[in-house]
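Participant: Below is one structure. I have some questions about it.
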Amino acid sequence: MDTIALLIGALGGLIAGIIIGRYLLKKVYSQEEQKIKEKSDLILKEAELKAETIKKDKIIEAKEQLLNLKSEFEDEANRKKSQIINNENRLKQKEQHLSKQIEQNKRKEDEMDSMKENLTAQLEILNKRKSDLDKIKQEQVNALEKIANLSADEAKDQLVEALKDEAQTKASSYIKEIMEEAKMTATKQSKKVVIETIQRTATESAIENCVSVFNIESDDIKGKIIGREGRNIRALEAATGVEIIVDDTPEAIIISGFDPVRREIARLSLHRLVTDGRIHPARIEEVVGKTKKNIDEEIVEIGEKTIIDLGIHGLHPELIKLIGRMRFRSSYGQNLLQHSREVAKLCATMAAELGLNAKLAKRAGLLHDIGKVWPEEPEMPHALLGMELAKKYNENKEVCNAIGAHHDEIEMTNMISPIVQACDAISGSRPGARREIMESYMKRLKELEELALSFEGVNKCFAIQAGRELRVMVDADSVTDTNAAQLSFDISQKIEKDMQYPGQIKITVIREMRSVSYAK
């Protein structure tokens, strides 16, 4: 019994514990649920507050944008309104002006009508008087015919025959005097036009040489330019085609070469290398390549500046490039661009004096030697080549004829052609303007380079030391060391056979092998 009572008591306690535990657990869950609900309510309130704040900010921002747009719209509207008012005022002024003109024209028409009536009345009076005079004249003619026993026509014939011989004699004498006076006047006027044209054109003396001087701050830089065992100076000479003379001249390096473009490239490259401080063969080739590109751009700028200075418009871009190349070319020692500018100004002045088209004459004068700067070497005179280039780039027919005829290669077909020919002669015949020795010297050096380039395997060729040395760069893959010696001999033999030159010419063949690999 006791055991059963204990079990019943234990079971009752267990049931009571379970009931109490569930109650407590439910209470805990209720508290947690209440906390979660409070926390969610708090989050919702915070979210509502943030949303309200964002909404207010957006409303304020929208209002500001609306105000800005409204302000811009009002400004634009005011501006348009002021423009409309100004236009209305101008229209009113024009309307008033037109009204005044209409009134003036009406008054003039009234005056013209009155004058027309007066003239009609006067004309009637004159016609009446003329008929009266004709009657009187006829009566007098009839009276004279009765006295002279001759009719009016017979009297006219006799008078004409009597005066005919005298008139012919006087007319011949008069014509002879007029012809002599015209010849004298024409000669005098032509001299006057030429002299005034020359006087009104300011010119510069032509100075053209084959040496440029590069100034340096100190003689220490000379060692960097020469490089170890002369590798830097050799690389610079090979890249530019000029001779670099580094001697005892203080703070100066001499750049020698017959081509002004090469000398300018060498001078600018030296300036960049010295300024940068890094001087080695790879850097030299890089700088020389960039300088060549810059020179090409400078050529275009020079051409554009020239046509702007002369007031010439509508030239083809290729012709502008050729004009820029004139800056680096010479004709018998005279700078070609300076010569062409001078001829253009002379042509414009002379054409204006003669009452011709000055702008067209100036255009023809500037382009007359354009064939001298064509990069290739065609088998035709420069005047005909220039004419073909002008035709190719759609220049005026008169300009093309003037270019082709300024050395009498073709017939002149307009008045501008002889003007260009005369002005070309004026510009070239000034004392000191040209030196034919320079032109023949440069031509000889160019032919010397072209002769060496005609051999197989030759990449580049430069005539240096005033034509006393010819440096030949060959392709290392196609020309061996043995072939290089043979090539040097063959070139010397061809020069002896085909060219005329003073003294002797040293032929130096340079073969350089470069092995390049890339680590990736």
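Participant: Would you call ALA344 touching a Leu at 6+ places or on another chain (Cβ under 6 Å), crowded, with 16+ Cβ neighbours inside 10 Å and closer than 21 Å to THR306 by Cα?
Facilitator: In short, yes.
Participant: Also, I was wondering about something else. So, in segment 378-409, of the ones that are within 30 Å of GLU450 (Cα to Cα) and touching a residue at least 60 places away in the same chain (Cβ under 8 Å), which residue ends up most open to solvent (accessible area, probe 1.4 Å)?
Facilitator: TYR393
Participant: SER454: at pLDDT below 65 and either small (Gly, Ala, Ser) or within 20 Å of PHE489 (Cα to Cα) (or both), yes or no?
Facilitator: Criteria not met by SER454.
Each row is one residue, and each column tells you yes or no for (1) closer than 23 Å to ARG468 by Cβ; (2) modelled with pLDDT of 80 or more; (3) of a type in the set (D, E, K, R).
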{"site": "GLY241", "(1), (2), (3)": "yes, no, no"}
{"site": "VAL246", "(1), (2), (3)": "yes, no, no"}
{"site": "VAL261", "(1), (2), (3)": "yes, no, no"}
{"site": "GLU264", "(1), (2), (3)": "yes, yes, yes"}
{"site": "ARG267", "(1), (2), (3)": "yes, yes, yes"}
{"site": "LEU273", "(1), (2), (3)": "no, yes, no"}
{"site": "HIS280", "(1), (2), (3)": "no, yes, no"}
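Participant: Still on this structure: Among the numbered criteria (1) modelled with pLDDT of 85 or more; (2) within 28 Å of VAL261 (Cβ to Cβ); (3) open to solvent by less than 10 Å² (accessible area, probe 1.4 Å), which one does ARG363 miss?
Facilitator: (3)
Participant: Right, something else. Which residue, of ALA352, ALA282, ALA266, is farther than 15 Å from ASP369 by Cβ, open to solvent by less than 10 Å² (accessible area, probe 1.4 Å) and of a type in the set (A, V, I, L, M, F, W, C)? Talk me through it step by step, then tell me what you get.
Facilitator: Details: ALA352 fails: open to solvent by less than 10 Å² (accessible area, probe 1.4 Å); ALA282 fails: open to solvent by less than 10 Å² (accessible area, probe 1.4 Å).
Just one listed residue meets the conditions, ALA266.
Participant: Filter segment 303-325 down to the residues that are open to solvent by 30 Å² or more (accessible area, probe 1.4 Å) and aliphatic (A, V, I, L, M) and list them by number. Give the derivation first.
Facilitator: Residues of segment 303-325 open to solvent by 30 Å² or more (accessible area, probe 1.4 Å): 304-305, 308-309, 311, 313-314, 316-318, 321, 325.
Answer for segment 303-325, where residues must be open to solvent by 30 Å² or more (accessible area, probe 1.4 Å) and aliphatic (A, V, I, L, M): just ILE308.
Participant: Please determine, by comparing only the residues of segment 450-464 that are under 22 Å from GLN504 (Cβ atoms) and in contact with a strand residue (DSSP E or B) (Cβ under 6 Å, 6 or more places away or on another chain), which one is most open to solvent (accessible area, probe 1.4 Å). Reasoning before the result, please.
Facilitator: Step one: list which residues in segment 450-464 are under 22 Å from GLN504 (Cβ atoms), which gives 450-455, 458, 461-464.
If we keep only those that are in contact with a strand residue (DSSP E or B) (Cβ under 6 Å, 6 or more places away or on another chain) too, we end up with 452-453, 458, 461-464.
Values: ALA452: 0, LEU453: 81, VAL458: 20, CYS461: 7, PHE462: 20, ALA463: 4, ILE464: 4 Å².
The residue in question is LEU453.
Participant: Sticking with this one: I'd like the full set of residues that are open to solvent by less than 70 Å² (accessible area, probe 1.4 Å) and more than 44 Å from the chain's Cα centre (by Cα), limited to segment 476-486.
Facilitator: THR480, ALA484, ALA485
Participant: Can you pull out the residues in segment 487-500 that are open to solvent by less than 70 Å² (accessible area, probe 1.4 Å) and closer than 18 Å to GLY467 by Cβ?
Facilitator: SER488, ILE491, SER492, ILE495, MET499
The values are calculated or read from the model by the stated rules, or taken from the named source; none is laboratory data. The structure presented is a predicted model; accordingly, all values stated were derived computationally and were not measured. Cβ: placed from backbone, ideal geometry, glycine included. Neighbour counts: every protein chain shown. In case anyone asks, the SASA skips ligands and DNA or RNA and just uses the protein heavy atoms, side chains included. Shrake-Rupley method; radii C 1.70, N 1.55, O 1.52, S 1.80 Å.
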